[in-house]
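I have placed the structure first, in the form of structure tokens, so that the comments after it can refer back to it.
The values are calculated or read from the model by the stated rules, or taken from the named source; none is laboratory data. The structure displayed is predicted, hence computed values, not measured ones. Positions of Cβ are backbone-derived with ideal geometry, glycine not excepted, and every protein chain shown enters the neighbour counts.
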Amino acid sequence: IARHLADYRPYPFVLNETRLEFQLAPSATRVRAELALRPRAGLEDLVLDGGKGLRLISLAIDGAAPDPAHVSRDDEVLTIAAAALPDAPFTLRTEVEIDPSANTAFEGLYMSGGMFCTQCEAEGFRHITFYPDRPDVMAPFRVSIHSDKPVLLSNGNPVAQREGFAEWHDPWPKPSYLFALVAGDLVAISDRFATRSGREVDLNVWVRPGDQDRAGFAMESLIKSMRWDEDVYGREYDLDVFNIVAVDDFNMGAMENKGLNIFNSKLVLASPETATDADYERIEAVIAHEYFHNWTGNRITCRDWFQLCLKEGLTVFRDQQFTSDMRSAPVKRIEDVRTLRARQFREDQGPLAHPPRPDRYEEINNFYTATVYEKGAEVIGMLKRLVGDDGYARALDLYFDRHDGEAATIEDWLKVFEDATGRDLAQFKRWYTDAGTPRLTMAEDWDAEAGRLRLDFTQATAPTPGQDDKPPRVIPIAIGLISPNGDEVLPTQVLEMTEARQSFGFDSLGARPVVSALRGFSAPVMLERLLDDATRAFLLAHDTDPFARWEAGRDLALSALVVLSQGREAGADYVDAIGRLAADDGADPAFRALCLTLPGEEEIATRLSEQGTTPDPDAIHEARDGLARRLAEAHADLLAGLFERMAVAGPYAPDAEPAARRALRIAALGLLNRIDGGDRAEVLFGTAGNMTERMAALSCLLRRGRGQAALQAMHDRFGDNRLVMDKWFSVQVMAAPPAEAAAVAHRLARRGDFDWKNPNRFRALLGGLAANHAGFHAADGAGYDFTADWLMKMDKANPQIAARMSTAFETWPRYDATRRDRARGALGRIAAMAGISRNLREMVTRMIAAG
Ligand code: ARG
Ligand code: ZN
């Protein structure tokens with residue numbers, strides 16, 4: 001039952017209008033649908049998506065019930081034979097009954113905290129009514145809602161509102177995945193936005209009564225996003241209202257339903273007391289992301305789900321640009337590369353590797369991945385670098401002109417770049433179709449007599465599941481040259497590599513320069529070059545490109561950690577160089593904070609396995625601990641000074657500048673905590689006026705084994721705040737000593753407030769364990785077994801969440817034989833489960849195949 005890109009064919013009917021009428025009741029909601037259809041070319045059977053959960057009450061074509069012999073159903077579709085259809089425009093009317101209260105998968109129409117809400121992407125609409133539930137079937141919607149809930153919302157503009165009833169009209173043709181409905185006891189904080197061409201838009205952020213005082217930042221972020229999309233992309237909003245709703249039970253982060261974005265409440269609600277700086281930054285970015293989808297996703301959507309990165313890669317790229325403009329661009333770039341490596345490189349090098357545009361899937365929800373999203377964004381970044389800012393702007397204008405109102409493909413996307421810039425992108429397209437992370441090597445050849453430097457590059461990509469052959473790709477390599485005295489002799493220049501091996505020469509150089517390579521992380525590749533620690537330290541001190549500077553520090557740390565984890569001595573250069581950087585008050589505190597943060601254990605494991613060494617999680621844990629302690633001992637006074645000086649006076653503000661100071665303060669605390677026994681953390685926990693510092697202090701205390709009083713205090717104060725309690729669950733597992741992590745998770749899972757059906761709470765615990773590298777990969781298999789047991793339990797309630805969390809196992813083939821056996825055993829147990837969902841089955845099957 002795999003779907004294939006090559007099998008695409010247009011839907012044989014055109015849908016001119018969709019009318020829906022909802023009679024809401026928690027366990028028996030009636031949905032009446034009226035679809036204005038016409039055969040596209042020759043008349044064929046009418047196949048509508050819609051599964052077992054739909055109880056069919058009635059069905060009529062142009063007002064008459066068809067002969068039952070012409071109507072058939074299976075688990076997935078309802079088919080009306082062509083013989084029962086007119087070869088002309090007709091109206092299909094259906095009425096179904098559904099049970100939102102029993103919908104624990106949170107896909108389609110479901111209940112969250114007494115409120116009705118929907119999640120339709122990718123294929124949730126088919127759980128609401130019979131419909132051509134595919135993104136290339138687009139229609140304007142008219143929706144009426146009968147319910148005793150006070151607030152009744154759907155897409156588009158309001159047409160009528162009275163007690164117990166509301167009607168909405170969305171004039172912009174849209175696919176079913178963008179449909180949304182919300183009914184509940186909600187309150188709004190409201191504002192207005194005047195678009196550049198004068199449209200007055202009512203803005204609302206809807207939350208549960210009592211949460212209004214935590215919705216203001218989301219509203220500010222929305223207004224900034226609307227202005228930015230006008231200023232930078234020339235895109236205006238196109239309806240009279242824009243509604244955002246926060247819900248507690250939500251499978252993903254948020255959803256861009258036309259005019260009615262629905263959000264996981266953790267991405268809306270924030271106050272200094274309850275949210276961290278990272279939460280604020282994330283809220284700002286996701287509000288922007290969903291808003292930007294109005295053009296890149298909604299006005300121009302995807303022809304089919306294989307094209308998902310057409311909207312997601314582009315919209316992530318846009319939200320990254322937005323955050324760079326709102327905050328520090330270099331820091332944002334470094335953060336994005338860290339996420340890319342931690343999530344996408346990991347995916348690309350394991351059993352779940354797939355291209356940004358896959359050509360086969362069983363369950364599309366399994367492809368909302370770091371590759372589709374984050375690598376999809378990287379590919380656009382490369383494209384922009386290759387065609388330049390002007391070329392990019394022209395291509396985007398052409399994209400919006402040419403494809404507005406359409407369901408487009410990656411081919412359409414590349415064609416606008418070709419037409420706008422005259423560039424042939426045939427080879428570049430491989431970035432979309434080929435999986436795997438290219439390994440780029442760079443060697444230097446210096447001719448002192450001629451003053452000439454030659455750089456020799458090779459590229460190679462290892463086979464990935466189902467793709468053995470990896471032809472060379474176009475790789476933009478941003479390079480700069482720095483003279484031995486620290487001056488830049490060649491500012492950033494982009495080399496375009498297209499062959500498997502290729503050389504580039506630089507002439508008229510006085511002295512041998514130091515090469516700053518892959519500036520700004522100009523391509524998502526693994527760069528390998530032989531560099532001694534002294535040169536890395538030189539780049540960390542002198543590179544003008546902030547990313548490359550940070551990267552030099554990271555390379556220093558990683559090379560030391562690799563050696564240390566193998567029981568040998570290393571790290572002296574790193575400790576010195578970091579000390580100099582930390583002392584440099586001219587550098588951005590956020591940048592210094594990033595440099596003071598040691599690579600994570602997972603990242604060290606990845607580096608080791610890239611080098612062909614089997615990672616030992618316990619040795620990695622020890623090595624990292626040891627190096628952090630050495631950093632702290634070597635620079636105790638400096639760090640203590642930073643910890644004091646970076647304290648932010650006055651009321652909390654979530655802006656980049658004070659957040660940067662807090663980040664540096666916390667980075668210093670994390671190191672000092674290894675030598676002060678936790679004393680500073682204890683004081684900070686008791687005095688912190690914001691969640692950023694409170695959480696950091698709590699984590700430090702737990703790592704010193706003295707967190708119990710703080711945990712209790714936090715529970716006493718925030719026990720009724722779900723979002724804070726999610727943090728409370730996850731920090732305990734993340735900060736547990738590896739040998740105890742699974743036991744801590746067990747104990748927490750037995751608590752009455754471990755509301756496991758809530759995706760946030762489940763992710764807090766299971767994701768917290770997965771983030772404890774040595775704990776999850778404990779040699780006795782306790783982490784694997786705990787996770788497998790819960791995945792099996794969750795699968796029965798919510799297959800999407802179970803499948804997503806199963807990626808905790810995706811690196812299993814790289815560990816030692818003992819761990820591999822235990823992981824294989826856990827995966828095998830899951831695979832053998834009776835009644836396993838398609839979601840989880842596809843994931844574990846792919847993961848097992850790799851072993
Ligand atoms: N389109 C949403 C976003 O990026 C994600 C929705 C994914 N939902 C899902 N069930 N796969 O912003
Ligand atoms: Zn998105």
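Yes/no per residue for (1) more than 24 Å from Asp401 (Cβ to Cβ); (2) more than 16 Å from ligand 2 (Cβ to nearest atom); (3) not hydrophobic (A, V, I, L, M, F, W, C):
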{"site": "Gln307", "(1), (2), (3)": "no, no, yes"}
{"site": "Asp325", "(1), (2), (3)": "yes, yes, yes"}
{"site": "Pro330", "(1), (2), (3)": "yes, yes, yes"}
{"site": "Pro351", "(1), (2), (3)": "yes, yes, yes"}
{"site": "Ala377", "(1), (2), (3)": "no, no, no"}
Next item on the list: Just need a number here: residues in the range 1-24 that are touching a residue at least 12 places away in the same chain (Cβ under 8 Å) and in a loop (DSSP other than H, G, I, E, B).
Entry: 7
Notebook entry, point to check: What is the one condition in (1) buried (at least 21 other Cβ atoms within 10 Å of the Cβ); (2) away from ligand 1 (no atom under 11 Å from the Cβ) that Asp319 does not satisfy?
Noted result: (2)
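For every residue, the table says whether it meets (1) buried (at least 22 other Cβ atoms within 10 Å of the Cβ); (2) within 16 Å of ligand 1 (Cβ to nearest atom).
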{"position": "Tyr291", "(1), (2)": "yes, yes"}
{"position": "Trp305", "(1), (2)": "no, yes"}
{"position": "Lys311", "(1), (2)": "yes, yes"}
{"position": "Asp325", "(1), (2)": "no, no"}
{"position": "Ala329", "(1), (2)": "no, no"}
{"position": "Lys332", "(1), (2)": "no, no"}
Next item on the list: Quickly run through the range 221-261 and pick out the residues that are within 16 Å of ligand 1 (Cβ to nearest atom), under 18 Å from Leu152 (Cβ atoms) and either of a type in the set (Ser, Thr, Tyr) or assigned to a loop (DSSP other than H, G, I, E, B) (or both).
Entry: Asn257, Lys258, Gly259
Next item on the list: Name the single residue, out of those in the range 334-348 being closer than 18 Å to Pro546 by Cα and not hydrophobic (A, V, I, L, M, F, W, C), that is surrounded by the fewest Cβ atoms within 10 Å (Cβ to Cβ).
Entry: Thr339
Next item on the list: Sort through Thr409, Thr464 and tell me the only one that's closer than 30 Å to His293 by Cα and buried (at least 19 other Cβ atoms within 10 Å of the Cβ).
Entry: Thr409
Next item on the list: Report the residue count in the range 724-773 for those that are outside any helix (DSSP H, G or I) and either among the hydroxyl-bearing types (Ser, Thr, Tyr) or more than 15 Å from Leu791 (Cβ to Cβ) (or both).
Entry: 11
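Mind telling me which of the residues Ile283, Ile287 ends up being part of a helix (DSSP H, G or I), crowded, with 22+ Cβ neighbours inside 10 Å and more than 12 Å from ligand 1 (Cβ to nearest atom)? If you could, list the steps in order and put the result at the bottom.
Details: Ile287 fails: more than 12 Å from ligand 1 (Cβ to nearest atom).
Sole residue among the options that is part of a helix (DSSP H, G or I), crowded, with 22+ Cβ neighbours inside 10 Å and more than 12 Å from ligand 1 (Cβ to nearest atom): Ile283.
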Next item on the list: Mind listing whichever residues of the range 486-502 are polar (S, T, N, Q) and touching a helix residue (DSSP H, G or I) at 6+ places or on another chain (Cβ under 9 Å)?
Entry: Thr492
Next item on the list: Can you confirm whether the range 48-57 contains a residue that is outside any strand (DSSP E or B) and closer than 21 Å to Pro10 by Cβ?
Entry: yes
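Residues in the range 289-305 that are within 16 Å of ligand 2 (Cβ to nearest atom) and of a type in the set (D, E, K, R): how many? If you could, list the steps in order and put the result at the bottom.
First, the residues of the range 289-305 that are within 16 Å of ligand 2 (Cβ to nearest atom): 289-302, 305.
Add one more test, that the residue is of a type in the set (D, E, K, R), and what stays is 290, 299.
The number of residues fulfilling the criteria is 2.
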Next item on the list: With the condition kept exactly as written, say whether any residue in the range 390-407 is away from ligand 1 (no atom under 16 Å from the Cβ), within 21 Å of the chain's Cα centre (by Cα) and under 25 Å from Ala426 (Cβ atoms).
Entry: no
Notebook entry, point to check: List pairs: first in the range 815-840 and farther than 30 Å from Ala122 by Cβ, second exposed (fewer than 14 other Cβ atoms within 10 Å of the Cβ), Cβ under 8 Å, 6+ apart or cross-chain?
Noted result: Tyr815/Thr614; Asp816/Thr614; Arg820/Gly851; Arg822/Asp780; Arg824/Gly851
Notebook entry, point to check: Is it the case that the range 230-249 has a residue that's in contact (Cβ under 8 Å) with a residue 60 or more places away in the chain, touching a strand residue (DSSP E or B) at 6+ places or on another chain (Cβ under 8 Å) and within 16 Å of ligand 2 (Cβ to nearest atom)?
Noted result: no
Next item on the list: Would you please list the contacts, defined by Cβ atoms under 9 Å and residues six or more apart or on different chains, that run from a residue in the range 193-220 that is without any contact (Cβ under 8 Å) to a residue 60 or more places away in the chain and under 24 Å from Lys149 (Cα atoms) to a residue that is of a type in the set (Phe, Trp, Tyr) and not in a loop (DSSP other than H, G, I, E, B)?
Entry: Asp202/Phe193; Asp202/Phe242; Leu203/Phe193; Leu203/Phe242; Asn204/Phe242; Ala215/Trp206
Next item on the list: Confirm whether Val286 is more than 24 Å from Pro171 (Cβ to Cβ) and within 12 Å of ligand 2 (Cβ to nearest atom).
Entry: yes
Item checked: Any pair with Cβ under 6 angstrom, 6 or more apart, that starts in the range 353-368 at a residue that is closer than 13 Å to Ala2 by Cα and of a type in the set (Ser, Thr, Tyr) and ends at one that is part of a helix (DSSP H, G or I) and within 14 Å of ligand 1 (Cβ to nearest atom) -> Tyr361/Phe367
Next item on the list: Quickly run through the range 394-438 and pick out the residues that are aromatic (Phe, Trp, Tyr) and part of a loop (DSSP other than H, G, I, E, B).
Entry: Phe428
Notebook entry, point to check: For the range 191-220, what are the residues that are farther than 30 Å from Thr29 by Cα and not in a helix (DSSP H, G or I)?
Noted result: Asp191, Arg192, Phe193, Ala194, Thr195, Arg196, Ser197, Gly198, Arg199, Glu200, Val201, Ala215
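Would you confirm whether or not the range 230-237 contains a residue that is under 28 Å from Pro140 (Cβ atoms) and among the aromatic types (Phe, Trp, Tyr)?
Yes.
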Margin query: Can you find a residue that is at pLDDT 95 or above, touching a Gly at 6+ places or on another chain (Cβ under 7 Å) and either at positive phi or not in a loop (DSSP other than H, G, I, E, B) (or both) anywhere in the range 677-684?
Written below: no
Note to self: Going by what's in this entry, would Leu43 be described as surrounded by 14 or more Cβ atoms within 10 Å (Cβ to Cβ), part of a strand (DSSP E or B) and of a type outside the set (S, T, N, Q)?
What the structure shows: no
Margin query: So in the range 781-795, with the set limited to residues that are away from ligand 1 (no atom under 16 Å from the Cβ) and free of Cβ contacts under 8 Å to residues at least 40 places away in the same chain, which one is nearest to Thr818 (Cα to Cα)?
Written below: Thr787
Next item on the list: Scan the range 597-650 for residues that are in contact (Cβ under 8 Å) with a residue 24 or more places away in the chain and more than 30 Å from Ala778 (Cβ to Cβ) and jot them down.
Entry: Ala634, His635, Ala636, Leu638, Leu639, Ala640, Leu642, Phe643, Met646
Notebook entry, point to check: How many residues are in a loop (DSSP other than H, G, I, E, B) and either free of Cβ contacts under 8 Å to residues at least 60 places away in the same chain or among the hydrophobic types (A, V, I, L, M, F, W, C) (or both) when one looks only at the range 85-126?
Noted result: 10
Note to self: Looking at the structure I just gave you, is Arg661 of a type in the set (Lys, Arg) and touching a residue at least 12 places away in the same chain (Cβ under 8 Å)?
What the structure shows: yes
Check: How many residues, within the range 820-847, are part of a helix (DSSP H, G or I) and out of contact with any Pro (no Cβ under 8 Å at 6 or more places or on another chain)?
Finding: 16
Notebook entry, point to check: Would you call Asn264 surrounded by fewer than 22 Cβ atoms within 10 Å (Cβ to Cβ) and either without any contact (Cβ under 8 Å) to a residue 12 or more places away in the chain or within 13 Å of ligand 1 (Cβ to nearest atom) (or both)?
Noted result: yes
